[in-house]
1. Take the residues of the stretch 245-284 that are more than 9 Å from the ligand (Cβ to nearest atom) and out of contact with any helix residue (DSSP H, G or I) (no Cβ under 9 Å at 6 or more places or on another chain): which is farthest from residue 227 (Cα to Cα)?
2. Scan (1) within 16 Å of the ligand (Cβ to nearest atom); (2) open to solvent by less than 30 Å² (accessible area, probe 1.4 Å) for the single condition residue 377 breaks and write down its number.
3. Go through the stretch 491-524 and count every residue that is assigned to a helix (DSSP H, G or I), surrounded by fewer than 16 Cβ atoms within 10 Å (Cβ to Cβ) and aromatic (Phe, Trp, Tyr).
4. Taking the stretch 285-315 on its own, how many of its residues are away from the ligand (no atom under 16 Å from the Cβ), on the phi < 0 side of the Ramachandran plot, assigned to a loop (DSSP other than H, G, I, E, B) and of a type outside the set (Ser, Thr, Tyr)?
5. Answer yes or no as to whether residue 210 is within 18 Å of residue 479 (Cα to Cα) and exposed (fewer than 12 other Cβ atoms within 10 Å of the Cβ).
6. Could you check the stretch 234-258 and list, in sequence order, the residues that are of a type in the set (A, V, I, L, M) and either within 25 Å of residue 219 (Cβ to Cβ) or in a loop (DSSP other than H, G, I, E, B) (or both)?
7. Of (1) aliphatic (A, V, I, L, M); (2) open to solvent by 20 Å² or more (accessible area, probe 1.4 Å); (3) in contact (Cβ under 8 Å) with a residue 60 or more places away in the chain; (4) in a helix (DSSP H, G or I), residue 451 satisfies all except one. Which?
8. Please go through the stretch 405-417 and pick out each residue that is within 25 Å of residue 470 (Cα to Cα) and modelled with pLDDT under 85.
Amino acid sequence: MSEDGDSLAEEGFEESSTEEELAHMHARHMLPPTEDASEDETILMDEAVRQSLQDASNETGAGTSSGARAGNPKAALLAAAAERRLAASKIEDVPEYNSDALDGLSEEEEPLSKVKGKKKATKKSAKKKTSDFVANFMTMDDLYAERREARRRAKAERNVLKVEENKLRSKLGRKLTHAEKTTVALSLFHPELKDAWGDFEKKVAIVQPEKAEQPAKLKATLLPFQLESLFWMRKQEKGQYAGGMLADEMGMGKTIQMIALMVSDNHKPNLVIAPTVAIIQWKNEIEKHAEGMSVLVWHGANRESSIDQLKKHNVVLTTYSVLESSFRKQESGFKRKGQIVKEKSPLHAIKWHRIVLDEAHNIKERATNTAKATFELQSKYKWCLSGTPLQNRVGELYSLIRFLGGDPFAYYFCKRCDCKSLHWKFSNKRHCDDCGHTPMHHTCFWNNEVLSPIQKNGMNGPGAIAFKKLRVLLDRLMLRRTKVERADDLGLPPRTVIVRRDYFSPEEKELYLSLFSDAKRQFTTYVDSGTVLNNYSNIFSLLTRMRQMACHPDLVLRSKNNQGKFLSEDFGEAPVCRLCNDVAEDAIHSKCRHLFDRECIRQYLDTVVGITVRQGLLHSWLMWLIFPQPECPVCHVPLTIDLDAPAYEPEENTSVVRQGILGRLDLEKWRSSTKIEALIEELTNLRKQDATIKSIVFSQFVNFLDLIAFRLQKAGFNVCRLEGTMGPYARDATIKYFMDNVHVTVFLVSLKAGGVALNLTEASRVYLMDSWWNPAVEYQAMDRIHRLGQHRPVQAIKLVVEDSIESRIVQLQEKKAAMVDATLSTDDSAMGRLTPDDLGFLFRL
Ligand SMILES: Nc1ncnc2c1ncn2[C@@H]1O[C@H](COP(=O)(O)OP(=O)(O)OP(=O)(O)O)[C@@H](O)[C@H]1O
């Protein structure tokens, strides 16, 4: 743990904070909390009192304003409080309260005749006001007594806490970490947490998988490991969690295993939420393998709104974006004819028999609407499917545990009383709606027990203990098998990864060097002036241009630089990602309304995190305090973007006819590139060897896929394309077209649109046309073909231009992979980050 961390923790800062906690800190202008809530409150009160006194004196010119009191009871209360306090501190010049003061004017200030005339009329009201005042005064007394009592209680609590902390400190023989102090506080006010892990371990037994019977109504024969998971899932449903996580590696048939579970009890309705790309695959698998199960795809503008109709189906299939939009319409409403209209979400109105989240890491960010929409669904059993449950950080597991209903792990607890909640309930941003204690006195059990210790210590000390706890939980909640472990069952053919290295042609090299030397000069200027931190969006853009240049110069020279526009200017042109200037695939937009590919902006943010945080030295939230918030790469305002928001979809009635880069080229004179020619050579050789072998070509740049398609067609290859703008049915039709037509041998897939949840086992070659330093994206792509149903040996070929940034990217990948192996780091996101040293390496400094 860093010293900063320690000292800050000592001061009472939360070590790891949820977004809500962070937001709260911002709202409080980053004030460190005092250990004593009531003291804290007293300070705020004093300020309010002072302010109110000031206001009152401004109104009357001097002293207390009875008018202010009469017109504003709160001000009166506060002023009274202030005067009591001042009187208590023996400040002499505070006037005594009297009934006249309550009228707003004293007798001396009025002409005598008027005073006499008024006297009778005002007597009654004065009497009333006096009694009101006395009532208020009494209230203040009560209030003060209450405050004194609260202070006394807080002091007593602190003393008890100190005793407990001292006991643990002498037991451990060292200073306690902030997390340990929190644990002490939690067990004091929540005795059930004293040995939460031990209790959980005793109460919930690990289900040892045994082979279940093959379900009669399932047409496919389950493999041995699939029968084991069926047994395990049935047992889990009877257990405390009534569900769990099936986390087999990609391509081992999680879909069929879940269908087997549904078929075996044949209850309805079941809800499956999956990425758009996988929806029709689910439908096809259910129709193919399950006998007598009715399926409804709940998607599109004309989807069924009758709850009774939905309930009639065995399985309702929908996407994360449809779920989110349905929930949003229910909670926040939408505009119709200038009015905000709220619409009940049918998905949330049904108590489902079973809910399945496919690719469940889609909800990994707990504060997103998508995650919240899943938390609010009702069902008897709940399941998460994911081949990469720990895609980035341990913290991301929280949402999955929360979805499964994990008590106490997903709860927020108060460190000063017995209040606990699944929600962060701070409507006024200052005090808990339930118990009134401040946000700083609340902690998320998961963050305190698992996330913070691992983030701060890795596998050492408290980190190792947290890992053990995580194991205890996952052993009872998750089943994961890998392809290597179950190789015999799977009988998968081998997979090899080859890096093919080529060199630029002289003309390409000249262009590349000119771009590179400009980029390097620019980067060096940032380094020399110490402004790397402030220029990450420019640096990211320099790196992207160099990567594109290595693919084909036209991607840079003919790119559409549509500054300041949300959609492209050309009629009918598809939206463009503002980071890669390429057609947007799986696009999301920032609060400042700029559109980006989800993957591009994620990579951009990863890069920023890498630049701004020297890994492990700083807490994530502290980073935002010390370093500037990442800025929008387009307009440079602080960037606010929900990475898990549903993909941007153009208006349904807007016809998106994409012309792409080809429309900007003179195709008669167009010249190919080293990389495209390398692919042609590979595919031509393959065609000579075996004309039946099919290939998938992946690239992050859609314009590059346009160029590749054009060149391949010229070379006589039959190709088809998967694009991010396709709806589920169009995607399914394209996939079928590729799988069913022997003469279609090449499938061009945008990494951003089709990297996950695709099943393309007809192909046995993968060509990765451009590299990124996080190899996870590439593995996902390779796993599209290396999965059950694959019978041929699989080859993945990475095409790299040796004298470009790409060779450095490959070296960086290797370096980072070695580092991750050596430290057994669980923080895979480190792979995606770029430190200043990494940048220097890429720019060859
Ligand atoms: N027992 C089986 N018999 C026949 N086919 C099977 C069997 N199990 C799985 N498959 C097939 O294997 C392929 C891969 O399965 P599936 O797509 O469910 O994998 P997955 O684990 O969900 O992968 P991902 O995590 O990538 O989505 C599918 O085509 C499926 O039909």
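The values are calculated or read from the model by the stated rules, or taken from the named source; none is laboratory data. Everything quoted here is computed from the prediction, not taken from an experiment. Neighbour counts are summed over all protein chains in view; Cβ atoms, including those assigned to glycine, are modelled from backbone coordinates with ideal geometry. Calculation scope for accessible area: heavy atoms of the full protein, side chains included, ligands and nucleic acids excluded. Shrake-Rupley method; radii C 1.70, N 1.55, O 1.52, S 1.80 Å.
1. 267
2. Every listed condition holds for residue 377 apart from (1).
3. So the count comes out to 0.
4. Restricting attention to the stretch 285-315, the residues satisfying the condition of being away from the ligand (no atom under 16 Å from the Cβ) are 292, 294, 296-314.
Now restrict to residues that are on the phi < 0 side of the Ramachandran plot: 294, 296-299, 301-314.
Pick out the ones that are also assigned to a loop (DSSP other than H, G, I, E, B) and you get 294, 298-299, 301-306, 312-314.
Checking which are of a type outside the set (Ser, Thr, Tyr) leaves us with 298-299, 301-304, 312-314.
Here the count works out to 9.
5. Working: within 18 Å of residue 479 (Cα to Cα): yes; exposed (fewer than 12 other Cβ atoms within 10 Å of the Cβ): yes.
Taking the combined requirement at face value, the residue satisfies it.
6. Step one: of the stretch 234-258, the residues of a type in the set (A, V, I, L, M) are 242, 245-247, 250, 252, 256, 258.
Those that are of a type in the set (A, V, I, L, M) and either within 25 Å of residue 219 (Cβ to Cβ) or in a loop (DSSP other than H, G, I, E, B) (or both): 242, 246, 247, 250, 252, 256, 258.
7. Residue 451 satisfies every listed condition except (2).
8. 405, 406, 407, listed by residue number.
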